[in-house]
1. Which condition number in (1) surrounded by fewer than 21 Cβ atoms within 10 Å (Cβ to Cβ); (2) closer than 11 Å to residue B:139 by Cβ is the one that residue B:229 fails?
2. Could you say which residue among B:37, B:59 is over 20 Å from residue A:421 (Cβ atoms), without any contact (Cβ under 8 Å) to a residue 24 or more places away in the chain and more than 7 Å from chain A (Cβ to nearest Cβ)?
3. Somewhere in segment A:744-757, is a residue in a strand (DSSP E or B), crowded, with 17+ Cβ neighbours inside 10 Å and within 14 Å of another protein chain (Cβ to nearest Cβ)?
4. Here are B:258, B:284: which of them is within 14 Å of another protein chain (Cβ to nearest Cβ), in contact with a helix residue (DSSP H, G or I) (Cβ under 8 Å, 6 or more places away or on another chain) and within 20 Å of residue B:346 (Cβ to Cβ)?
5. Which residue, of B:276, B:272, is touching a helix residue (DSSP H, G or I) at 6+ places or on another chain (Cβ under 7 Å), in contact (Cβ under 8 Å) with a residue 40 or more places away in the chain and within 14 Å of chain A (Cβ to nearest Cβ)?
6. Only one of (1) at pLDDT 90 or above; (2) farther than 30 Å from residue A:1003 by Cβ is not met by residue A:828, so which one is it?
7. What do you reckon, is residue A:617 out of contact with any helix residue (DSSP H, G or I) (no Cβ under 8 Å at 6 or more places or on another chain) and modelled with pLDDT of 90 or more?
8. Do you know which of the residues in segment B:197-219 that are crowded, with 18+ Cβ neighbours inside 10 Å and in a loop (DSSP other than H, G, I, E, B) is farthest from the other protein chains (Cβ to nearest Cβ)?
C-alpha cells in the first residue's frame, strides 16, 4: 500500500491545485493549418483536466501556475509547455517527421511501425490519388517491394493479377487476401459468363478515393493472424475515418481521355492478298480458283483496329465530409466514376458511398460502423480467345470486308457483304449486343470495443460483404451468336443471370497490454472468428426472338436453358498472439491460428498455423548510441521470422466422391461428377524471413530490406488421371514449391528545403521453383497449341509459368520450312520434342517514384519496370501463321517470310494448310522486359488570396498521365499483358488481349472553408 | 452494469460461435450425391441408368468425327487445330478429337462398371429392371470396347471402378478386347426388353444390331447375316419412305438406337461433340469434294440431301457445302445415330455377298435395292462379287455418310491405303488407327513407351 502513496498523494494534490487554476487561452496551428488546427487535445499534464481546440484552433481552460500543458494530435509531435501565467499560449505543432511512430494496423491489432518484427509495407491512399486508377488493387502497383501487379488488359473494371512474393499455389487461388475494415472481401471475377479472358473484377467496386491506407503483410509473422488464408499475402485496407476536428468538406474532380497505348502493325488488303496468293500457290492450288483476285478481293481495305477503337472519356467526382468531436467522428463520402473503354460501346460506371461512424458511449465503451455501398454498371465487351470478340476480332479480321454498307448500316449476317465465320463484323460485335453487368456491393460492419481495464479490452465485430450481379444480355440477329451460330442462338440470343455472393463474418478479440516497470512491455491477443460464405446463382437463356425489337427473354420463342444453384462453405477459427519487448530493444512476437474449414474431410478439417518472430533494435543499445555510427544511423533494427501459413481456396466438397444431376432424353438422373479424396488436406507454406530496417542521416534515408524462403508443401492441384479411371483428375495434395527472394525498399529525402525532393525505390526479386510433383510427371496447362500438349507446363525444377514448346532453330534457307530441334533424335518432330522454352517469371521488378514540391507546385513521376520475363505472343500463331489458314489478317512481320531459296529469315514459307511451319515453338516467345512511365502528375496549390475569395480552404489543380511512355523489345502491342486474368499456370500470355490504355487527365482537389 | 455488459458480450459471442461451428464446418452437400449413397436402393436404379446413357451418348458424336474426318468425307474449314490435323492428315497424339473419343469411351465404361459392381448388391430391385439395367451396362461396355479396339487397337481393359488399378493399366491385345466385347454382348442377350420405351434406350435389337456389326467387322459372315436378319424380321423398324427423314428428324421409323439430346442438354457450342456447331455453325468440318461428288451422283439419289450448299460460303478454301445431318436442338434433329435399319441392310448385303449370295432372291442385291428404291436411285442388276463389293462400299458412303462409318469400313476392308492415298498426299498407313492420346501416356505409367507405331 505504501508504494502507491505517492501516486495517491499526487492525484489528491492535483485535484487540489486544479481548484486554484488560472484561465489560459490560445490558438494551436501547424504549418499546413496556419489559421488554426481544430481537434487538438490540450491537457494539464498529470491531471484529467483538458479540452480540445475548436474549429478555429482555439482553446481555453484553467490550469495551475507551474503546470505543464500537453498539446497532442494524431500525426503531430506532442508539444509541452510550462504554464507560468501567460494569458495567451499559442502553439505551432510540428508534423511528425519520422514514420517510425506511425501506427500500423496489422489485422486484429495495431502496432507502431518501429516495433514491427514482421514485414509490412504501407501505402497511403493519397499517394495514388492523382492516378486515375479504377480499383484498389491497381493502387498497389510499384508502390511496395514484393508486390507484383499486372493489369490483364485495358478494359475498364477488368481483371488485375496481384502476387505478393510470387505464387505459392498452382491450383488454389494466388490472389492475396483483402480485408477492408476487418471484413474479408470477395476477389476475382463475380460475373458468370465467360468473356474470353476479359473478366470483371470485384475489387473495382471499391472507390480508391475512400481508402486511407493499404498495409501489405508479407511474411509469416505479419500474416500469422490470418492462418489458412494468408499464404498469398494479406492486404489490409482501412477506409478514411473522421478526426476530432471541425468538419472538412472536400471535392475531387478528375476528367480525361483514354487511348490505347499501341496499335498492331498489320497488313493492308493488297499486301495480304499477295501473301495469300503466294500461300495458295505454294500449296499447289490456283489462287484465282479460291477467289483471291487482285483488284477485286482487295478493293476494300478496312483498318479494323481503327474501326473498333476510339478515344474514351474518363471522369470521376467525389465529395466527402469528415470531422467530429471528442465522442463522435464521421466520414461521409459519395463518388461517381465513368470510364469509357477504348473499344466501342465499352463503359464502366461506378457509384459509391461510404459512411464511417464512431462514437464513444462511455469512457469504456465505444461503438462504430463502416458502411460501403457501391453499384457499378459495366457495359462489357467480348475479347481475347473469342472469335466474336471486338478487339480480338478486329485484329484478326481480313481487311477485305467493310463494317458498314453503302447506306451506313452495320453489315450483319443478312447482308451479302458479311464476312461470316470466322470473321464476324467486329464493329457489329461491339455495337449490337447488350452485355450489361450491374453489380451492387454492400460492405459493412458494426463493431464495439469495451475497455475492461486499463490493460484489457474486448473488441467484437460483425460484418458482411454482399455482392449481387445481374447480367442482362442480348445478342441480336445481326451478331455472330444471335445470327450466325444456330447451335447457340440463331435468331437472337438472350441471357439473364443473377449471382449473389455473400460472406458473413463475426469475430471477437481480447487485447491485453501491460508494462512492467519501464522495461518490459507485454501485449497479447486472443480471438475467435467465424466466416460463412454463401453463393447463389441463377441463369436463364432464350433463343429465337420475333425480331431485334424484342430483346428480353419473355419474348423468346424458346427458353431452353435455366439453372439455379447454391454453394456454401465456412471457416471457424481461434487465434492468439503474444508480443514482448524489453526497452524497445529486444522484440519478440509469437502467434498461432487454428482454422477449421468445411472444404476438408473430417480427418483433416483443422489446420494449425504458428509463427514466431524477433527483432533487435541495435540502435537502442548503449554501445551503439555511444559509437560514432549513431551520428549517421538513427535507427537500426534486425528482424527475423518463421512460421506457417496456408491456403484453402479450392472448390467445395472436393474430398467427397460425388454424383451430380444429369439428363437424358428428357429424364433426370445422376452422373459421376468427381472422384473423392478423403485425404485432402491444407496446403501449407513454411516461411522464413530475415531483414533489417534502417533510418539514417536524420531519418532522411530509410531502407527496408528482406530476404525470404517460402516452401509450400501439400500443394492442392487437380492431379491428372488417365481417363481409363473414368475421371480426368482429382484434387489432391501433389506438389511442393518454393519461392525465395530479396526485397529492397529505399525512401530518400534528397532535398528538404523550399524545394523538396523525395525518391522512393522498391525492387523485388522472386525465384520460384517446383520442388516435387506426385508421379513425377509434367502437368500441361495453358492453352492447347499446334502439335504440343499445352503452352505451359508444371515440371520439377522449373518455376510455375514455364512455357513449353518446340525449339525453333530458324528457317531452312533452302526450303523455307521451319527447323525444329529433334530433341529425342527419332527423326520426327512430335510433341515428345517439346522442351521448356522460357518462363513468365521476371528476374527483377520494381518501381521508382520521384516526388518534388516547390512552393505551391508538386510533381510526381512513377516509373515501373519488369526485367527478364518472357511473354508468349500467342497471337502470333495467328498473325504470322505461315499460311496454316487464310482466314486471318497477318502481321507486317509476315513480309519477311521466306520466298525463294537462299532467303535468310526467321519467318517460314507460307503454304496454305501447312501446320508444320506453325507448330507451337519458341518462335512465338519473346522477351517481355519493359520500363514504363506509369504515372506522372503535376499539381499546383492556388494561393490563399485566390482561395479566400473562393471561400475555399485549399484548392489544388493537377494534370496527370498514365502509361505515357514505354521502352520494350516486345513486338506485341503491350508487354504489360496477361490473358486469362493472369491465371497462375498460364501467366504472361498475350492472346489477342486488349493492350493497356493511356490516360491523360486534369483534375481539382478542393477543401471548403 | 458495465461488468455485466462485458460478460453478456463474451457469453453471447461464445454461444454464437459454438452453435455456429458445426453448421459452418459441416454444411450439407447441395444437389450432389456421394458415391456411397448413389446406388443403394431400388429407386436409385433408374437415376444411374440415366447416368449411363448420359455418358454413352457422347460416344456417338465422337465416333462420327473419327469415322468421317479421319477418312475422305470431311475436310477442315475452320480454326480448330484438331480439325486441321484431321482434315490434312497430320494427326498427332495431342489431338483433342482423339482424346475426346478415348475419354468418352472410358468415362462410359466407368459408369457401366459401377453398375455391374453395385447393382447385384442392391436389394429389392425387381428382376426385370435388374436384368434390363445389367444388360444395358454389358451392352454399352461391349460397344465401347468394340469402338476402342477399332479406333486405337490394343487398349487398357478396364473392368472395375478401382482408381488405383485403372491409373496404371497397360494395353491388352485387340483380339482380347474384342473377345471381351463379345462376352459383354453375349451376357446382355435376352436381358433387355425387345421394345424399349424409346429408341433412345437400348433393347434386344440394338444389341443384335451391335452383334451384326461386330461379326461383320470380324468377318463372321454367317453370324452377321443371322443377327441382321433377326433385326430386320423383328418388324419393329421400317425404312422411312423419304430418306430425308433420316437427315432432318430425330427418331425416324428406322431408328434402332440413337444418342438422344434435348433442348436442355444439347452440346451447343461444344467444339468436340457439338456436331451442329462443328458442321453448321462454325463449319469447322465440311464435306470434301469427293464426298460431294459421290453424294450428288445418280446412284446416291435422295441421299444427296445429306449435304447442302450455300453460295455465301463459297470463298477461299471453302467449297460452300455443309453437312446437313445434324440440326439444332429446336429443330428436333440433334440426336446422333448409333444403329438404324439402313445399316442393318448394308451389313446383311455385305455378309451375303461375302458368302457368295450376290444376286437373286434374298441376296446382297435385294438388300441394296431396298435402299436404292427408298432413295429413288436406280436399282442394281446382276453383278459379280467383286463388283458387288465396290457397290457396297459406295452404298455405305451414300447411306451412312457423316454417321461415323467410313474410316472403319476402309480399314477393315483393306481399302484404306488405296482410297486415302489418292485423297491426300499426307496419308500414311499409321492412320489406320488413331494414336493413344498423349495425355493418357503421360498420366498412366503402364502406357509409357507404348504408343501406336508411327506417332
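The values are calculated or read from the model by the stated rules, or taken from the named source; none is laboratory data. Just so it is clear, the model here is predicted, and its values are computed rather than measured. Please note: Cβ atoms are built from the backbone with ideal geometry, for glycine as well, and neighbour counts cover all protein chains shown.
1. With respect to (1) surrounded by fewer than 21 Cβ atoms within 10 Å (Cβ to Cβ); (2) closer than 11 Å to residue B:139 by Cβ, residue B:229 is out only on (2).
2. Only one candidate qualifies: B:37.
3. no
4. Details: B:284 fails: within 20 Å of residue B:346 (Cβ to Cβ).
Exactly one residue qualifies, and that residue is B:258.
5. On the way: B:276 fails: touching a helix residue (DSSP H, G or I) at 6+ places or on another chain (Cβ under 7 Å).
Just a single option satisfies the conditions, and that option is B:272.
6. Answer for residue A:828: the failing condition is (1).
7. On the way: out of contact with any helix residue (DSSP H, G or I) (no Cβ under 8 Å at 6 or more places or on another chain): no; modelled with pLDDT of 90 or more: yes.
No: the conditions fail for residue A:617.
8. B:203
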